[in-house]
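To keep things clear, I will list the structure first and then write my remarks on it.
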Amino acid sequence: MLKDLPIEHCEEEKRYKMDRCNFSKFLGDMLLNYNDDESIVIGLSGEWGSGKTSIRNMALEHVIKKTKNKKEEEKPVIIKFNP
């Protein structure tokens, strides 16, 4: 029986045989490559249970891994908003 909980890490996705991890990494890279003085807001929309939170979690995991060796002031400021 599968629990209806979001995926926290790309490694977990292998058991579900989905391919959201690659998209999540692409999204994370897009965020890291954003080069403007203005802030950026990303919204994911979809039906309940379609994997929005899982994609967010895996994209953030990717961003955190890629920036872990940077100075604090060089890391992106991430604000999670889940209405």
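The values are calculated or read from the model by the stated rules, or taken from the named source; none is laboratory data. None of the values given here were measured: they were computed from a predicted structure. Positions of Cβ are generated from backbone atoms using ideal geometry, with glycine treated the same way; all protein chains shown enter the neighbour counts. Protein only, heavy atoms only, side chains kept; ligands, DNA and RNA dropped before computing areas. Shrake-Rupley method; radii C 1.70, N 1.55, O 1.52, S 1.80 Å.
Side notes on the structure shown:
- All conditions but one from (1) open to solvent by less than 60 Å² (accessible area, probe 1.4 Å); (2) in contact with a helix residue (DSSP H, G or I) (Cβ under 9 Å, 6 or more places away or on another chain) apply to Thr53; the one that does not is (2).
- Verdict on Ser50 being polar (S, T, N, Q), closer than 20 Å to Asn82 by Cα and modelled with pLDDT under 90: yes
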